[in-house]
Amino acid sequence: MPDAIGYERIGDIAVLSANNPPVNALGYDTRVGLIKGIERAEADTGVRAVLIYGEGATYFAGADIREFGKPPREPYLPDVCNRIEACPLIVVSAMHGTALGGGLEIALSSHYRIAVPSARMGLPEVNLGLIPGATGTQRLPRLTGVEPAIDLVTSGRQIGAKEALSLGVIDKVAEGTPRDIGLAYVQELLDSGANRRAVSELPAPAPIDFDAAYDAALAKARGQLSPAYGVRAIQAASEKPFAEGVAEERRLFIELMGTKQRQGMIHAFFSERAVGKLPELDGVTPREVKAIGVIGGGTMGAGIATAALQSGLNVVLLEMSAEAGEAARGRIEGNLSGALKRGKLSQEKYDAMVGKALTIATDYQALSDVDLVIEAVFERMDVKKEVFRKLDAVCKPGAVLATNTSYLDIDEIAAETSRPQDVIGLHFFSPAHIMKLLEVVVAAKTAPEVAATGFALGKRLGKISVRAGVCDGFIGNRILKTYRTAAEHMVLDGASPYQIDKALTDFGFAMGPYAVSDLAGLDIGWMTRQRLAPTRHPRERVPTYADRLCEAGHYGQKTGKGYYIYEGSRRGGIPNPEVMDLIEAERAQLGLTPRDFSDDEIVRRYMAAMVNEGAKVLEEGIARRPLDIDMVFLSGYGFPRYQGGPMKWADMQGLDKVLADIRTFAKDDDWFWQPAPLLERLVAEGKTFDDLNKAAA
Ligand code: T1G
């Protein structure tokens, strides 16, 4: 195993190369190696400069996140940075790949910085619930000024080499390998008699109204603390001597390191990478997909087609008529024009996508050669079965036949074909070209390579793919139905939809459940209630006030009125007074005396219902691991990332407290609040959902 930091001498230049695959994370060995490398260069007679670069995929991609939560080991990263800067020799960093977090902080502590054109860099610590903790909040603003530093630290966004050069983050961009461009740049500096240039010795950056910046960061982050803490750290760079600023940064960093938000966001980071790793897919080769068919060019079908075109696939979109086909083309062009206007898509690529790559057809024969078909037709079983019978007759052997159904039984759909092993669910979330979540629903007879093909397509489309089993609603919508019902019970018992929405946006959701219903369309829930009515359990409490709203033609945003009145503006509708009238009438009819609910109880009931149903989904094998449920809600349902997802949230509350809540709520309604046996077992054994994640790894 080569040293984490290699040392070699090229003329009068000492070269330190990082060898810690896969991302040259700044783990203990790498930190020790850097300090030893600097000390060796200083003692190496004749050495006049030091070059630092990364072997493999990237320059340092940051601190080793796997060390977080464990007792920190010296040398701490800020000390490594300050030791590099204190070197009496000129130190140059040559960057490629992604120089992120502590990686960029190492570069900022160097005296000069060069990068290849494809290099990207940034300080993404806020995405982990932290702030830069190795002097980045003190050195960066000394190079860029306060405002660009606040933008980069609070957004965590990556910038390319060109933007980094224009901001003054780096000094030069050059084609070549990081080693070659680094050696050439060091030689250029030596030949020109350049001096050391310690960033910490640059003047403190000019101040701004930091309180205003702090408040803005807090408001934008919807309860997440780290962006606002980043503002305060940069304020210290402006108002304090460097060493005191570093101490303030450290204080803020350590405070954040101890928060649940940091635990939640790091859980999300690793879960995002673990969710696609399933033993059943090990060694299974996906089928090759070059061209796909999409049936149905409505919002969902057009969104799926857009996502496929953007990933370089050819698409045959089938509609019932030429007019409907052209309307679908219009939706796809509308979806792509957004990327075009934002400069994310060149005109040339746009023309290729909507030209050669997209075929609009009205005859199933046009699908005879595609490798995979996704149907996004009307959510009715008879319609889906008809589609799959036709696909079975037309598609080539080995073609994957996928349904985008939100909840219908995929085993029943598969049984309509002679090839159930080729049938799978690919449940996209609208808008399909924007939402990250894809539920890959594996039916009883789905072949392993068909499941692997679903995951491979998801990866190609840039989705977060989560494996789900077949049940009504799979993972997300099944659990949604339960916690949405808990909200409805609170409305009948005294809470208002508006209080519930506010309690949950204060918890961190982007939107409350009633605003979400208005966005999705109240008619969807109305149809579901009608569909499920015949099999409803006599003890099930299902309000009817929302049916009255739909009967009056109020479906939410699409009709301008639902729980809220929108009057042409999608943002911030105002409560619809008719709704409370309908609720009060229903309460009276049911003989219910409304009571007060605190925001805390609203959140506890809502979350207990979500977690309890999640435990049942786990027990039934519909979801493989608790982290899969977390990823569904973080990537598809606006669950606040700093809460880690419902199952991580429950672990951090204490499963015993969640179970105690469920038992308390069951006193009102022991039919709805039936504790999941898995939850009871975990509490009895003193285990957590994370223990289940570890056991499944
Ligand atoms: N530490 C430990 N492991 C990491 C890691 C890190 N920083 N980054 C990635 N990995 C693992 C990852 O879990 C996966 O493992 C493998 O590497 C490939 O990752 C003090 C406090 C660099 C853009 O936030 O954004 O510095 O699943 O699949 O798509 O101020 O990884 O293979 O076992 O994502 O090519 C700041 C986080 C840390 C960067 C590469 N740095 N990483 O993407 O590969 S905090 C970050 C990424 C910090 C200082 C602060 C991406 C990537 P496995 P991958 P990729």
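The values are calculated or read from the model by the stated rules, or taken from the named source; none is laboratory data. Note that the coordinates shown come from a computational prediction; the quantities given were computed from them, not determined experimentally. Don't worry about glycine lacking a Cβ; one is built from the backbone with ideal geometry, like all the others, and counts go over all protein chains shown. Note: accessible area is taken over every heavy atom of the protein model, side chains too, but ligands, DNA and RNA are not part of it. Shrake-Rupley method; radii C 1.70, N 1.55, O 1.52, S 1.80 Å.
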Scanning for something within 28 Å of Lys694 (Cα to Cα) and within 11 Å of the ligand (Cβ to nearest atom), does segment 235-253 turn up at least one residue? yes
Quick one: count up the residues across segment 602-646 that are touching a strand residue (DSSP E or B) at 6+ places or on another chain (Cβ under 6 Å), closer than 27 Å to Ala495 by Cα and aliphatic (A, V, I, L, M). 0
Hits in segment 261-293 - residues which are surrounded by fewer than 17 Cβ atoms within 10 Å (Cβ to Cβ), more than 10 Å from the ligand (Cβ to nearest atom) and not hydrophobic (A, V, I, L, M, F, W, C): Pro279, Glu280, Asp282, Gly283, Thr285, Glu288, Lys290
Within segment 299-314, how many residues turn out to be hydroxyl-bearing (Ser, Thr, Tyr), surrounded by fewer than 24 Cβ atoms within 10 Å (Cβ to Cβ) and assigned to a helix (DSSP H, G or I)? 1
Looking only at segment 69-95, which residues are in contact with a strand residue (DSSP E or B) (Cβ under 7 Å, 6 or more places away or on another chain) and either within 12 Å of the ligand (Cβ to nearest atom) or among the hydroxyl-bearing types (Ser, Thr, Tyr) (or both)? Leu77, Ser93
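Within segment 533-549, track down each residue that is closer than 19 Å to Arg587 by Cβ and of a type in the set (A, V, I, L, M, F, W, C).
If the condition is that a residue be closer than 19 Å to Arg587 by Cβ and of a type in the set (A, V, I, L, M, F, W, C), then Val542, Ala546, Leu549 are the ones that fit.
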Of the residues in segment 35-77, those that are more than 24 Å from His267 (Cβ to Cβ) and either touching a Phe, Trp or Tyr at 6+ places or on another chain (Cβ under 9 Å) or not in a helix (DSSP H, G or I) (or both) number 21
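The rows are residues; the columns are (1) open to solvent by less than 40 Å² (accessible area, probe 1.4 Å); (2) within 24 Å of Ala456 (Cβ to Cβ); (3) outside the structural domain of Gly525 (by TED's automatic domain parsing); (4) at pLDDT below 95.
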| position | (1), (2), (3), (4) |
| --- | --- |
| Ser337 | yes, no, yes, yes |
| Ser346 | no, no, yes, yes |
| Thr362 | no, no, yes, no |
| Glu375 | yes, yes, yes, no |
Gly525 meets each of (1) crowded, with 17+ Cβ neighbours inside 10 Å; (2) in a loop (DSSP other than H, G, I, E, B) with one exception, condition (2)
Go through segment 164-180 and count every residue that is open to solvent by 40 Å² or more (accessible area, probe 1.4 Å) and within 16 Å of the ligand (Cβ to nearest atom). 0
Conditions (1) under 30 Å from Arg595 (Cβ atoms); (2) of a type outside the set (Val, Ile, Thr); (3) not assigned by TED's automatic domain parsing to the domain that holds Ala676 -> Ala487 fails only (3)
By residue number, the members of segment 542-562 that are more than 34 Å from the chain's Cα centre (by Cα) and open to solvent by 70 Å² or more (accessible area, probe 1.4 Å) are Arg548, Glu551
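Which ones in segment 1-29 are within 38 Å of the chain's Cα centre (by Cα) and assigned to a loop (DSSP other than H, G, I, E, B)?
Selection gives Met1, Pro2, Asp3, Ala4, Asn19, Asn20, Pro21, Pro22, Val23, Asn24, Ala25, Gly27.
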Determine, yes or no, whether Ile565 is open to solvent by less than 50 Å² (accessible area, probe 1.4 Å) and touching a Cys at 6+ places or on another chain (Cβ under 8 Å). no
Look at segment 12-42 and say how many of its residues are among the small types (Gly, Ala, Ser) and either open to solvent by 60 Å² or more (accessible area, probe 1.4 Å) or within 22 Å of Glu125 (Cα to Cα) (or both). 3
Subset of segment 298-331, residues hydroxyl-bearing (Ser, Thr, Tyr) and within 20 Å of Gly454 (Cβ to Cβ), comes to Thr306, Ser311
Which residues, taken from segment 96-111, are within 13 Å of the ligand (Cβ to nearest atom) and more than 16 Å from Thr137 (Cα to Cα)? His96, Gly97, Thr98
Selected residue [over 19 Å from Leu26 (Cβ atoms), hydroxyl-bearing (Ser, Thr, Tyr) and in a helix (DSSP H, G or I)] from Ser166, Ser118: Ser166
Out of segment 125-163, which residues are within 13 Å of the ligand (Cβ to nearest atom), closer than 21 Å to Arg197 by Cβ and in a loop (DSSP other than H, G, I, E, B)? Pro132, Ala134, Thr135
Residues of segment 58-71 being surrounded by 12 or more Cβ atoms within 10 Å (Cβ to Cβ), over 21 Å from Arg157 (Cβ atoms) and without any contact (Cβ under 8 Å) to a residue 60 or more places away in the chain, in sequence order, are Asp64, Glu67
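Given segment 395-476, what strands (runs of 3 or more DSSP E) lie entirely inside it while holding 2 or more residues that are charged (D, E, K, R), surrounded by fewer than 22 Cβ atoms within 10 Å (Cβ to Cβ) and assigned by TED's automatic domain parsing to the domain that holds Asp371?
none
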In this structure, does Asp209 turn out to be more than 31 Å from the chain's Cα centre (by Cα) and under 24 Å from Thr58 (Cα atoms)? no
Show me the helices (runs of 4 or more DSSP H) found entirely inside segment 177-262 where at least 3 residues are acidic (Asp, Glu) and farther than 30 Å from Arg9 by Cα. 242-257
Selection from segment 185-199 of residues that are free of Cβ contacts under 8 Å to residues at least 12 places away in the same chain and open to solvent by less than 60 Å² (accessible area, probe 1.4 Å): Gly193
